[in-house]
Amino acid sequence: MKANLHTHSKYSDGTQWPEEIVARARKIGLHQMALTDHDCMEGVEPFIMAAQKAGIQAIAGVEIDCVAPEIKYNSEVMGYFPNGNWTHTREFCLKRIEHREKRIKKLISLASDHFQADLSFEELKAYKIGTPPPSLKDPLISYSKPDLYNYLMKRKKLIPEDMDYGVFKKLPFLANDQYPKPSVREVIAIILRDTGIPVLPHPGLIFERNIDRMKTEGFDIFAWFKHAGIRALECNYYKEKDKDNTRELNHLTQQFARKLDLKISWGSDCHGPGHNSDTLEIFWGTRGFPFPGIWG
């Protein structure tokens, strides 16, 4: 049994439509998948339909940006909805999508002034969407700063071709970007309201992939998340050039999960071709999934 429960599509910061992701998954023999776009569930239904046609069991999912200042956490919580109900979570995400669109329009305006260039949201959107599936007319997209980065890259000469995204997001016109995020507890409460399963994604990133830090600080941090309502920790594909680091981080994750009586999820965090996280074919799980009755 092969499952990958962490993928992203063009509905957020991925590079492929859900149908294209499913086609790839079928070629490598995945049995179960989840689409977990950032602050967006608009791709879930086409994803599930495509997966059903391909004979793949699909789980509705989402990855929501959130914070917990009390433990200095600024990342995400994932939600899975094996029972087929995600009404409240989708409504919450629709508000986040609206906020993200307002934010990206403001950033485009700032970029126009910074680069003295004629930039527009409509052009960014056209670059982002590309050629959508025939049935798709005007999708609701969860825009983010990587979309602005890719747009400026495609415009040529505005930013150097070798400029890394990490350098780009420190440019002066982005310095005052204010993006208020909900709290971890608020997000978990919304997921639970839909009888969903809240999961902590890529827990090794909390410790910047540092094994010693995770060994020292991991139990207290993960205990905090369990108390907040997290039901599972994710084993993730962290860094292509350092497979030993990924292996050790995931080994520690499983140890902490056992100590805290939490489940284990598996996800590659695939964003698709052209992204630095194109991992669908190289990482998946085979056991220990957090949904009794589906994975046993």
Quick one: what pairs do we get from the stretch 82-106, first residue closer than 23 Å to residue 145 by Cα and free of Cβ contacts under 8 Å to residues at least 12 places away in the same chain, second acidic (Asp, Glu) and surrounded by fewer than 18 Cβ atoms within 10 Å (Cβ to Cβ), C-beta under 9 Å, 6+ apart or different chains? 106/177
Determine whether residue 229 is touching a residue at least 40 places away in the same chain (Cβ under 8 Å) and closer than 27 Å to residue 128 by Cβ. no
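Per-residue answers, yes or no, for (1) part of a helix (DSSP H, G or I); (2) within 21 Å of residue 68 (Cβ to Cβ); (3) modelled with pLDDT under 95:
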{"residue": "225", "(1), (2), (3)": "yes, yes, no"}
{"residue": "230", "(1), (2), (3)": "no, yes, no"}
{"residue": "239", "(1), (2), (3)": "no, no, yes"}
{"residue": "254", "(1), (2), (3)": "yes, no, yes"}
{"residue": "276", "(1), (2), (3)": "no, no, yes"}
{"residue": "281", "(1), (2), (3)": "no, no, yes"}
{"residue": "289", "(1), (2), (3)": "no, no, yes"}
{"residue": "293", "(1), (2), (3)": "no, no, yes"}
Which residues, taken from the stretch 185-212, are touching a His at 6+ places or on another chain (Cβ under 8 Å), under 16 Å from residue 36 (Cα atoms) and assigned to a helix (DSSP H, G or I)? 190
List every residue pair whose Cβ atoms sit under 7 Å apart, with the two residues 6 or more apart in sequence or on different chains, where the first one lies in the stretch 112-135 and is within 30 Å of residue 23 (Cα to Cα) and the second, anywhere, is surrounded by 14 or more Cβ atoms within 10 Å (Cβ to Cβ) and of a type in the set (Gly, Ala, Ser). none
The conditions are (1) surrounded by fewer than 16 Cβ atoms within 10 Å (Cβ to Cβ); (2) not β-branched (Val, Ile, Thr); (3) not in a strand (DSSP E or B), and residue 74 fails exactly one of them. Which is it? (3)
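Within the stretch 154-176, is there a residue that is assigned to a loop (DSSP other than H, G, I, E, B), in contact (Cβ under 8 Å) with a residue 60 or more places away in the chain and β-branched (Val, Ile, Thr)?
Checking the stretch 154-176: not a single residue is assigned to a loop (DSSP other than H, G, I, E, B), in contact (Cβ under 8 Å) with a residue 60 or more places away in the chain and β-branched (Val, Ile, Thr).
In the stretch 19-65, what count of residues is obtained for those that are in a strand (DSSP E or B) and surrounded by fewer than 20 Cβ atoms within 10 Å (Cβ to Cβ)? Break it down into steps so the answer makes sense when it comes.
Taking the stretch 19-65 as the starting set, the residues that turn out to be in a strand (DSSP E or B) are 32-35, 38, 57-65.
Now restrict to residues that are surrounded by fewer than 20 Cβ atoms within 10 Å (Cβ to Cβ): 57, 65.
Final tally of qualifying residues: 2.
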Return a yes/no flag: does the stretch 209-223 have any residue that is touching a strand residue (DSSP E or B) at 6+ places or on another chain (Cβ under 6 Å) and either in contact (Cβ under 8 Å) with a residue 40 or more places away in the chain or surrounded by fewer than 18 Cβ atoms within 10 Å (Cβ to Cβ) (or both). no
Name the one entry in 124, 140, 119 that is farther than 17 Å from residue 12 by Cα, of a type outside the set (Phe, Trp, Tyr) and surrounded by 14 or more Cβ atoms within 10 Å (Cβ to Cβ). 119
I'd like to know if the stretch 38-51 contains one or more residues that are in contact (Cβ under 8 Å) with a residue 40 or more places away in the chain, within 17 Å of residue 133 (Cβ to Cβ) and of a type in the set (Val, Ile, Thr). yes
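The values are calculated or read from the model by the stated rules, or taken from the named source; none is laboratory data. These numbers were taken from a predicted model, which means no experiment stands behind them. Quick reminder, even Gly has a Cβ in these numbers, built from the backbone with ideal geometry, and neighbours come from all protein chains shown.
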